[in-house]
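Enquirer: Below is a structure I'd like to ask you about.
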Amino acid sequence: MMAKVEKITYFGDTGKWRENTAAVVEIVGRELRSSRIKHVVFATCRGYTGAHFAPVAKANAKVGFVGVAMAPAIDKLYDVKWNARFGRLMDQAGIRFMRGTHPLTGGVDRALREAFEGGFPPSAIIANTLYLFSQGMKVAVEVIAMACDAGLLPEGVKVIACGGTGSGADTAIVATSAASANLFHMKIHRVLAMPQ
C-alpha cells in the first residue's frame, strides 16, 4: 500500500470552544460524505455539542449518532447542568443519548485516588498517555468505550469519535470500536482534528 497524505485540522486555542466545535462538526460531516462510516459518538455533557451535531445527524439518517455524558455524580461534582432544549434538538435528530462512568478517569479508580490521596491505578496511566495528545483524545477514546459498554455502539466497527477540552469538541478521530473490557482491541486509525 502506498503512503496516503491526509489533512488534519489543528486548533490553536482550546478556549475558543464554540468555534472549534463548529469546525469539528463540519469536519465530521465532510468525513461522513467521503467514507462508509456508519457510527458517530461524541461527548456532550450539557448538550451543546449534541445540538450542533443535530443537523448532521438529520442529513445522515443511516448513520448512528450517540451523545455521551458523564455520570450524574460527576455532573454534580463539576456543577454541570443539562440543557433540555439542546436535548430536544438531539432527540428530534434521532441522536441516542447516554450517561456513564468514564472508564479511564472515573469509577472505582477515581474513588481510590481520592481515598488514598493519590496513587496511580493502571487506567490513569492510559488516560495520561492519551492526554499527551489532548484531553479531547482521552475523551474520544472513553466515549467509544462507554457507548460500547452501554450497547449503543457495536464493537469492532469503524466510528468517528469526538471529545473536547473542558467544553465543546476540539478532537475527532476515526477508530475501531471496543468496550472498556476490550480496550486494547480499539485502534485509532486517523486523527481528523485536535488541538496543537
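Just so it is clear, none of the values below were taken in a lab; they were calculated from the coordinates. Not measured: the values here are computed from a predicted model. Virtual Cβ from ideal backbone geometry, glycine too; neighbours counted across all protein chains shown.
Enquirer: Per 5 Å bin, what percent of the C-alpha pairs of the stretch 115-196 does each bin hold, from zero upward?
Expert: Binned Cα distances yield the sequence 3, 16, 25, 24, 18, 9, 4, 1.
Enquirer: Exposed loop sites here are GluC sites (Glu not before Pro) in DSSP loop states with at most 14 other C-beta atoms within 10 Å. What is the longest stretch of the chain lacking them?
Expert: Here the longest run is 7-116.
Enquirer: What value, in deg cm²/dmol to 500, does the helix sum -39500 (n - 2.57) over DSSP H runs of n ≥ 4 give at 222 nm once divided by the residues of the chain?
Expert: -12500 deg cm²/dmol
Enquirer: Using the structure shown, list the pairs from Lys4/Lys158; Lys16/Lys38; Lys138/Lys158; Lys38/Lys187; Lys38/Lys58 with a Cα-Cα distance above 20 Å, or answer none.
Expert: The pairs that break the limit, which is 20 Å between Cα atoms, are Lys16/Lys38.
Enquirer: Which entry in (1) 15.9, 52; (2) 18.0, 57; (3) 19.5, 70 is this structure's computed Rg and Dmax of the Cα atoms in Å?
Expert: For Rg and Dmax of the Cα atoms in Å, the calculated option is (1).
Enquirer: Separate question: Write out the trypsin sites (Lys or Arg not before Pro) in the stretch 39-70 meeting two conditions: DSSP loop, and at most 10 other Cβ atoms within 10 Å of their Cβ.
Expert: Those that pass, being in a loop and sparsely packed, are Lys62.
Enquirer: Related question: Which percent, to the nearest 5, of DSSP beta bridges fully inside the chain are antiparallel?
Expert: Counting DSSP beta bridges with both partners in the chain, the antiparallel share is about 45 percent.
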